[in-house]
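Taking it in order: structure first as structure tokens, then the write-up.
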Amino acid sequence: MQCTQLLSLGLRASVLFSLASVGRAAPQQPSPETDVASTIQMEDVTARSGIDFVTCSGADPSTQILEVKGGGVALIDFDADGDWDLFFPNGATLQTPTSGPGARLYENLGGMRWRDITAQSGIDHRAWSFGTAIGDYDGDGRDDIFVACFGQNRLWRNLGDGRFADVTKSAGLGGDTGWSTAAAMADFDGDGDLDLYVTRYVEYDPTKPVQPAHLRGLQVINGPRGIPPLSDMLFENLGNGTFADRSDTSGIRAPAASYGLNAVVLDLTGDGRPDIFVANDSRPNFLLRNLGNMRFEDIGTRVGLATNIEGLEQASMGIAVGDVNGDGRADLLTTNFSDDTNTLMVSRADGFFDDATARFGVGAPSRTLCGWAAAFADLDHDGDEDLFIVNGHVYPQATKAALNSDYAQPLLVMERAGARFRTLPAAQPWLQTPHRDRSAVVADLDRDGDLDAVIVGLNQPVRILRNTHDTKDDWAVIALNDPASRGNRTGVGARIELLEGTNRQVRWIVGGGPFQSNAAQEAHFGLGSKAHAAPPQVRVTWPDGRISQQSVERGTRTVIAPPSQER
Amino acid sequence: MLRTNIIKRMRPAHIFAARTKHGAAVVAVLFLWGCQTEGTQKTPKNGESQAASEPTEQVATPKPKSPVSANAEQPQEMTHPNLAVAAQLVASGSFLDAEIVLTAILRDQPSSAQAKFLLGVVFLKTQRAARALPLLQASLASGQAFSGRKHVEHFIGWANYQLGELDAAKRAFQSHVAEVPTADDSYYGLAVIALDEDRVADAQQALERALELVGSSPRRVRDRAKMLARLGDIEFRADRIEPAVDLFEQSLELYADHVEVWGKLARALDRLGRADAAEAARVKQAAAQARVDARGRGEAE
């Protein structure tokens, strides 16, 4: 059913693909809303997945802010066998914040089954952990694991034999850096290796519990307002297995320290360099424009990304990257707190971003939800991206009656229907049941061509959702592999454009992910049921500006390598 | 200390009125409720900040003995001596106190539609729409005549809006303007929903109707300001940035504490390349926010 092709392209590219035609391709014109019947179907296969892991995030119910963020999840192919293994950082407790039950690594066995190989992997990781980033930091061709922790962050080096070694200190990442929440690896300085951005949250001492706050008659967990924020951190990969802290010299700290919760990295300014979008809690979001040479400036406010259309900062957590209006530029959706809406920022040709939340219908359905991980994903392969969001309140006391929002909340899956998104009716069990979800990744976990999901909640079992679309030839997956890279093998920062007929779709390989997680570093395209005479054409813009072009077959996963040093 | 704050906010006349029928019992309720309440609840910053702005007449103090909107075919409203006090508290924005009094009234008279209506308004005004909605609906369903009955749909509209239920909100606002054709804020509500549903022409039409109805009365400048700002949103959405700036500035001339409009103005000025003016607008936005926060520290919004 699947065909993996590894093609290094050179001259063939120009024959297979016409740049000019793609450049002029009409943006995708979604069909009228009424024409779209929902075909998004998933099923919870956790029970037979081999993953029987209950996350730990302090006390249940939570009493302190440290307990409410939960841990992330990473997609990693640690054994380079072409499927997604799973890494869960996991938390701890206020009493023993550095010695929790430990992170977990699961090997993908195929067929939506995994096995716990934590013990044999050598990953004895028990610090209270939040986000995670995956990347080949040392350029040895293998995925390594960075974990954003409370206390000292950790870097786990993949030794290539199924084992990992803690290289935090030797890599220059040692020391207590407070509360780190999320991380993203990308080649910020264009030297081919993966640098590292880490978001941080608040100053917090578990031995000094923060007194509760009061909200609408309820005694609730306090923060982050009123607690000193921590500024984010930036590390340059020196190419010799070590990192240098560039936080103070890079300009990322020019904006006031904020409550950083998540980040994604991709070129949002069109200058070919990877920028950093940071989701901040209760403060304006950052767009750290990459000026080159590890220098950044925050232009979030100037371009309209820092606040919503009301000019108000939000409590941003999840970030989804997609192209909702088919103009080939990356748009951003952030998830936010309850009594607020998720926010969709659509990029413009002039560099500004428009708050298009209302226009695309993604606001009202999110108003009673507290949103976390979010991802654009074509779940039904109809050629446009749907929206997958996990939710759950931070206050155990939250109820509809008291706060318009319950503690446990269902998923919000929105199907692209014409020009807008519409909420998928909660008619299926996987959609109905409320949870205290935090993180999630969406990826083709069983290599059947459709997008499945892994969901991580607060003190609850990890859930695996299998997409039952199961159609053979209405999709294409593009993965990148630059074997000559010094570390950015999977092309973080690349832009992948697919053209079939008049349907043009664009995806990005981003650093960071939906929330405290590592987005799938491959591009999935739904193609619709109607095949065209000509096969889909793909154009890859690599992070260094090189271009690869080729045709791909429907129903296949294609690995594309860059052309030799063409630019 | 909490008790003290509550009692301080209760003006003597209110306490006296609360005592008139149920005396110590009501005071005891006030006392106990005060123990559970920590001063002012800060409302979330990003809701529809004018969402629960009421039409000019609907929270008028009821006349306990002779309902103004009594209908011969409807059951007469149940009266309670403290309803007038409660209505005054609602009208003055003393929502926490009003909640206490109204809760007590409903304990005495569980079927009082007037009390349910007023308590529904209180919950709506304090960002508890899910709690407000069933009370508002029950007040209507009671069939009782009570002061403000004809405006209940307006509040049902905003409650549904806060809960993300746009269809229900739309139906309620439409019902309200059908019954009260001069209900400018329900036209405003319809406009906000139309914007959410990307029906820009409908939004424009509803806003123009709302502006026409609200007129130029000095008492309504805040409402006029918010409507002008929404018209500015429409211009901005259509990439007509200069007209949007004009409308935002007109709005702020009328009401300078509309925090969000400063933000909108700044965004529009950035779009025009007027970075310095945008920054100045953001400074004014922060100042407006500080003023609003200072006002909010005394009593729940």
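The values are calculated or read from the model by the stated rules, or taken from the named source; none is laboratory data. Note that this is a predicted model, so its numbers are computed, not measured. Cβ sites come from the backbone with ideal geometry, for glycine too, and all protein chains shown count toward neighbours.
Summary of computed values
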read-out	value
Yes/no for A:D350 being under 21 Å from A:L261 (Cα atoms), in a loop (DSSP other than H, G, I, E, B) and within 13 Å of chain B (Cβ to nearest Cβ)	no
Candidate set from region A:375-430 (those that are farther than 24 Å from B:L166 by Cα, part of a loop (DSSP other than H, G, I, E, B) and among the aliphatic types (A, V, I, L, M)); member that is farthest from the chain's Cα centre (by Cα)	A:V394
Counted residues, region A:137-156 - those being surrounded by fewer than 21 Cβ atoms within 10 Å (Cβ to Cβ) and either assigned to a helix (DSSP H, G or I) or touching a residue at least 24 places away in the same chain (Cβ under 8 Å) (or both)	5
Strands (runs of 3 or more DSSP E) (entirely within region A:67-134) containing at least 2 residues that are out of contact with any Lys or Arg (no Cβ under 9 Å at 6 or more places or on another chain)	A:74-76, A:104-110, A:113-116
Tally of residues being surrounded by 15 or more Cβ atoms within 10 Å (Cβ to Cβ), more than 25 Å from the chain's Cα centre (by Cα) and more than 7 Å from chain A (Cβ to nearest Cβ) across region B:247-278	5
Top-ranked residue in region A:240-292 [being over 17 Å from A:A182 (Cβ atoms) and among the aliphatic types (A, V, I, L, M); ranked as surrounded by the fewest Cβ atoms within 10 Å (Cβ to Cβ)]	A:A256
Considering residues of region A:424-446 that are in contact with an Asp or Glu (Cβ under 9 Å, 6 or more places away or on another chain) and surrounded by fewer than 19 Cβ atoms within 10 Å (Cβ to Cβ) only, the residue modelled with the highest pLDDT	A:P434
When residues of region B:154-190 are limited to those that are of a type in the set (G, A, S), away from chain A (no Cβ under 14 Å) and surrounded by fewer than 24 Cβ atoms within 10 Å (Cβ to Cβ), the one farthest from the chain's Cα centre (by Cα)	B:A178
Selection count, region A:303-326, where residues are within 14 Å of another protein chain (Cβ to nearest Cβ), out of contact with any Gly (no Cβ under 9 Å at 6 or more places or on another chain) and not in a loop (DSSP other than H, G, I, E, B)	1
Qualifying residue in region B:108-125 (condition: within 14 Å of chain A (Cβ to nearest Cβ), over 24 Å from A:S405 (Cβ atoms), touching a residue at least 40 places away in the same chain (Cβ under 8 Å) and among the acidic types (D, E))	no
Extreme residue, modelled with the lowest pLDDT, among residues of region A:514-567 that are of a type in the set (D, E) and within 17 Å of A:A186 (Cα to Cα)	A:D544
Residue in region A:199-215 that is in contact (Cβ under 8 Å) with a residue 12 or more places away in the chain, part of a strand (DSSP E or B) and among the basic types (K, R) present	yes
Lone qualifier among B:D196, B:D167 - being free of Cβ contacts under 8 Å to residues at least 24 places away in the same chain and of a type outside the set (K, R)	B:D167
Number of positions in region A:314-353 that are on the phi > 0 side of the Ramachandran plot and charged (D, E, K, R)	1
Condition met for A:F188 (crowded, with 24+ Cβ neighbours inside 10 Å, assigned to a strand (DSSP E or B) and touching a strand residue (DSSP E or B) at 6+ places or on another chain (Cβ under 7 Å))	no
Residues (of a type in the set (K, R) and within 11 Å of chain A (Cβ to nearest Cβ)) located in region B:126-152	B:R128, B:R131
Any hit, region A:452-464, residues being outside any strand (DSSP E or B) and of a type in the set (G, A, S)	no
Any hit, region B:144-152, residues being over 13 Å from the mean Cα position of the chain (by Cα), modelled with pLDDT under 95 and either within 24 Å of B:A229 (Cβ to Cβ) or surrounded by fewer than 24 Cβ atoms within 10 Å (Cβ to Cβ) (or both)	yes
Some residue of region A:559-567 being without any contact (Cβ under 8 Å) to a residue 60 or more places away in the chain, at negative phi and part of a loop (DSSP other than H, G, I, E, B)	yes
Residue among A:R507, A:R546, A:R486 that is within 25 Å of A:E415 (Cβ to Cβ) and not acidic (D, E)	A:R507
Subset of region B:199-239 that is within 13 Å of another protein chain (Cβ to nearest Cβ) and not in a helix (DSSP H, G or I) - its residue that is nearest to the chain's Cα centre (by Cα)	B:R199
Matching residues in region A:357-372 - criterion: being outside any helix (DSSP H, G or I), among the small types (G, A, S) and within 9 Å of chain B (Cβ to nearest Cβ)	A:A358, A:G361, A:G363
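Each row is one residue, and each column tells you yes or no for (1) touching a residue at least 24 places away in the same chain (Cβ under 8 Å); (2) in contact with a Phe, Trp or Tyr (Cβ under 7 Å, 6 or more places away or on another chain).
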site: A:L66; (1), (2): yes, yes
site: A:K69; (1), (2): yes, yes
site: A:A74; (1), (2): yes, yes
site: A:A80; (1), (2): yes, no
site: A:G91; (1), (2): yes, yes
site: A:T96; (1), (2): no, no
site: A:Y106; (1), (2): yes, yes
site: A:W114; (1), (2): yes, yes
site: A:T118; (1), (2): no, no
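Conditions (1) within 30 Å of B:P134 (Cα to Cα); (2) at pLDDT 95 or above; (3) not polar (S, T, N, Q), marked per residue:
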| residue | (1), (2), (3) |
| --- | --- |
| B:A183 | yes, yes, yes |
| B:A194 | yes, yes, yes |
| B:L207 | yes, yes, yes |
| B:L211 | no, yes, yes |
| B:P218 | no, no, yes |
| B:R230 | yes, yes, yes |
| B:D233 | no, yes, yes |
| B:E242 | no, yes, yes |
| B:F248 | no, yes, yes |
